[in-house]
Amino acid sequence: MKKAIAIIISLALLLALSACAASETSKESEAADIPSTPEEIITEQVETTVAPTEEETTIETTAAPLIDDPEQLKTLLTNVFSNTAYQTLVTVEDGTATVIILNDEFSSLYSDASNGSQESMMLWDDLTASFLGLHNSARDLMSTLYGNYSLETILSSSKGFPYLSITDGEITLDFFHFGED
């Protein structure tokens with residue numbers, strides 16, 4: 001009985017070894033087909049995927065005609081910035097459109113912020129962010145329709161004291177944060 005078991009185990013081992021050998025041979029033949037380094041893979045892919053073209057494609061684009069009327073631009077900006085809470089003045093001269101927002105509440109808001117009111121300061125920061133977003137939207141619309149104008153937005157008191165100035169998307173003056181680093 002021991003001989004029979006030994007023969008069966010020997011046959012099982014031989015079958016297992018021959019299966020492993022067959023598997024190794026199969027892997028070696030597959031490995032011969034696949035490049036062994038990443039450089040070879042990249043080179044092979046480039047060689048097989050890049051094909052020279054004989055024709056060049058020309059795409060013609062035409063820009064929409066731009067409106068060259070400063071009065072229409074002035075009307076557009078007046079409509080974009082108009083609000084019952086403040087007065088809006090718009091001028092257009094020499095490639096620059098200037099929007100002046102007049103509101104006496106800026107003075108009292110500044111006074112409260114100067115006296116340490118964090119709520120007033122947060123309100124100013126929210127107001128600044130809101131006008132910056134409005135300025136950028138108006139600037140995008142203006143450049144689409146009217147071309148390369150510069151846009152300046154100024155928040156001021158009715159006495160002409162500027163509290164905020166935004167030029168072409170950049171805050172150039174913020175009197176509430178004047179002197180801060």
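The values are calculated or read from the model by the stated rules, or taken from the named source; none is laboratory data. Source: prediction; values computed, not measured. All Cβ positions, even for glycine, are placed from backbone atoms using ideal geometry, and neighbour counts span all protein chains on display. The accessibility values were calculated without ligands, DNA or RNA, using every heavy atom of the protein model including side chains. Shrake-Rupley method; radii C 1.70, N 1.55, O 1.52, S 1.80 Å.
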Residue satisfying all of: in segment 101-140; in contact (Cβ under 8 Å) with a residue 40 or more places away in the chain and not in a helix (DSSP H, G or I); most open to solvent (accessible area, probe 1.4 Å) among these = D104
query = What about L89, is it among the aliphatic types (A, V, I, L, M) and either at positive phi or touching a helix residue (DSSP H, G or I) at 6+ places or on another chain (Cβ under 9 Å) (or both)?
reply = yes
message = Can you tell me which residue is nearest to G179 (Cα to Cα) among those in segment 92-116 that are among the hydroxyl-bearing types (S, T, Y) and out of contact with any helix residue (DSSP H, G or I) (no Cβ under 8 Å at 6 or more places or on another chain)?
response = S114
Selection within segment 143-181 - open to solvent by less than 50 Å² (accessible area, probe 1.4 Å), in contact with a strand residue (DSSP E or B) (Cβ under 6 Å, 6 or more places away or on another chain) and not in a strand (DSSP E or B) = Y149
